[in-house]
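The values are calculated or read from the model by the stated rules, or taken from the named source; none is laboratory data. What you see is a predicted model, and the numbers here were worked out from it, not measured in a lab. Cβ sites come from the backbone with ideal geometry, for glycine too, and all protein chains shown count toward neighbours.
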Amino acid sequence: MDHEALNDMKASELKIMCKGMGLRVSGSKSELINRIIEASEPARKEESVPSMDQAIDALLDRHDKSTKEKKTEKKPHEIMEAEIVEDTEIKSDESEFEILLLDDDVEEEKPLRELVENKTQEFSEKLEEEKIRTSASRKPSESSETKNKIGNKLTITRMQLAAGLTVALLLSASLWIVLQRDSSFTVQPVRYGDSIQFSIQQSTISVEGDDMVSIVRDSLSPSSFDQVCSEVDVEISGTGSMSVEEGSDQDTIFPSDLDHRGAFSVNDAYGRASLAVKQVVNHDIKVDLQGKTWRDNGVECSNAGWSYPDNQLLMQTDSYRHISDKSVIRTETTASFSDSDGESTELEATTFGSSLLPGLGAIAPLLSVPLLPMDLQDFFENEVLEEGAVSDEGSTWEWSVKQERNDPIHGYVYPISISHKEIEHCLGYITLDILVNPQIPWPVQQTANIRLDKSLSKSDCNVFASAISDATLPEGRLDIRMDMTVTSAEKGNTAVNWYDEYDSKPSPGDDRPTSAGKRDWASHMPDESDSRLNIEETVACMTATYPTSDASVAVDSGGYFWKANHLLGDMKWNLSWVDTQDSSGWIHLSMDGQECSIIESGQYQDGEVSWDKTSVPSTLTLDYLGSRLLAQGRYSQVEQVMFEENAAKTNILGYRVLSGEADDLSDLLSSDLSTGIVTVLASSEWSQSNRDYSFNAVMDATTARVGGWIQISTASD
């Protein structure tokens, strides 16, 4: 066989050929080809390996010949008694046994199954015919003694022997194929209906430094976490599940999308319907907390420790990934945190994009790694994995595949070690040790170790990674160790057809505002509303009526209002200002016809806000953005909350400019923490059934892209 013909064969077929020729089966495809060609030269003549059918025929012929010789010595009507004349010993070269995985074992097993079924049917029919002939050949006068003699001996017909030999050979062939499986594989793609159950062993999260702790504290405020400072240690254990949901016809909006059954129609950040794959993750975990709390003055963190054991966290995360590019369109999270005293905090959050931990910018996707079983296909794509395989040189994620082993829980698996090179150089480290079963799209075991600490930056940290660290990572240290083990798995039926286009897919410019609607700033964000009290009217009245007020002096000298809130249905604005000297404060105004009055005013602490008007971009108007955010049918949850009838509810529409560190919830929902970001905020507060609720939604004022919304409820005091 020439080199070209061998090159067209699969590695698994080459290895089977090598085994049949008595050659080694390890090595690359090119090595296998060279080995076969060298062994096929005339100078190294070898016997061809007989096929299975040839082996069966040879054994049957030999047995048939022996039987005929014996028949000449016996009477014509004497029943033949088969005897095993010699033992046939099948030897194997045990020194060259190698247990390998076959990437196309499905194709190899199918003809084998068909052969077994065909042979079984054939021999069953022949056995029945042999029984009839044997029965008919017996004489009625046959003596009882002869019958007993026959009954006490092992009587085997030719067909019975053939059937037994065939089964033995087929079983041997099956075992041979299993032992000669190809050691390489690609990770299993996800299917609609795939699911796993997993357990979380004793895992820990440790946070040091008040800036780092504040991300958790502020995002959950108001709650018992308000008293947490400087240090938090968390121990976690429990169970969880992950599944790829299979949608029905009712889960798609457009009839043309029925060609992509299993996917879901979901609104994206602009309120447009897109087709996505839905993944659901559930956690039911026990949480033990301990750390430090504030001194009595509420300013300094004390050395006094606190402990909150036996807390329970129930959480469900639904994420929707676009079928055309696998990007995360939307993530919906519901969580219930109950402490040992029975007090509970309920959270519902929707974010658009991949960040599960908003407020950490580019670092957030890295921290989501230990919280979920990793998507192997998303990480490795179509990479061929085998023992000794490593990541490409220069890859940000470095990985290596170790020797296959028989795990006592998960069976034969491949251990893979993963690390992040840039994190190691700039922020600490992040490592993953996983066990992979080629038939499951997620690791069957996953251990994550993460440390993030800006002080660990090394001299070879590149400029870009260093900038990310300085801009987005708070001061302090975060340590995470998470151990997950799959306890059961179910395989779905239909593979997800990623990167597939569909008729209803919105184009990049569909239902998005153009730059023609943007306005430059004067002393505030342009509003231009004619359906409610707008900012222009309020500021004009303030500067005319109170020209010596701190707010009027600040904006007249080049300052601006960096934050403004309007109580919907009322004639009031609360405006926060900053001047060119970084002095800042606020003024609460009420309008009555053409007249205005100051309800309250005050000063912020020095350094709390910095003047940075040059970084403030042109924005769309508040009237346009507010109408879009609250429009019927675009963002159903925002609409439901903001327009639900409740006499005690307060609804606010406003904006803010981010020009520094994140320090409130609107910042935490922003995807980028660079200066000059302007967000529109819709918020609501109310009480119901002895619980207090707060709701906040944010939108980018330059693009009209919604970042998300979050609702938190706690027991009323």
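For every residue, the table says whether it meets (1) charged (D, E, K, R); (2) in a loop (DSSP other than H, G, I, E, B); (3) within 47 Å of the chain's Cα centre (by Cα).
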| site | (1), (2), (3) |
| --- | --- |
| 505 | yes, yes, yes |
| 512 | yes, yes, yes |
| 516 | no, no, yes |
| 529 | no, yes, yes |
| 548 | no, yes, no |
| 552 | no, no, no |
| 588 | no, no, yes |
Exercise for the section: Inspect all residues belonging to region 653-660 and state whether any of them is at pLDDT below 90, among the polar types (S, T, N, Q) and touching a Ser or Thr at 6+ places or on another chain (Cβ under 7 Å). Expected result: yes
Handout entry: Per-region count, region 258-303, residues more than 24 Å from residue 342 (Cα to Cα), assigned to a strand (DSSP E or B) and touching a Phe, Trp or Tyr at 6+ places or on another chain (Cβ under 9 Å)
Key = 13
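Limited to region 328-367, what total is found for residues that are part of a loop (DSSP other than H, G, I, E, B), among the hydroxyl-bearing types (Ser, Thr, Tyr) and either over 17 Å from residue 278 (Cβ atoms) or at pLDDT 90 or above (or both)?
As a first pass, look at region 328-367 and keep what is part of a loop (DSSP other than H, G, I, E, B): 339-343, 352-360.
Checking which are among the hydroxyl-bearing types (Ser, Thr, Tyr) leaves us with 340, 354-355.
If we keep only those that are either over 17 Å from residue 278 (Cβ atoms) or at pLDDT 90 or above (or both) too, we end up with 340, 355.
Within region 328-367, residues that are part of a loop (DSSP other than H, G, I, E, B), among the hydroxyl-bearing types (Ser, Thr, Tyr) and either over 17 Å from residue 278 (Cβ atoms) or at pLDDT 90 or above (or both) number 2.
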Completion exercise
Given the conditions (1) under 19 Å from residue 701 (Cβ atoms); (2) of a type outside the set (S, T, N, Q); (3) under 43 Å from the mean Cα position of the chain (by Cα), every one holds for residue 608 apart from (1)
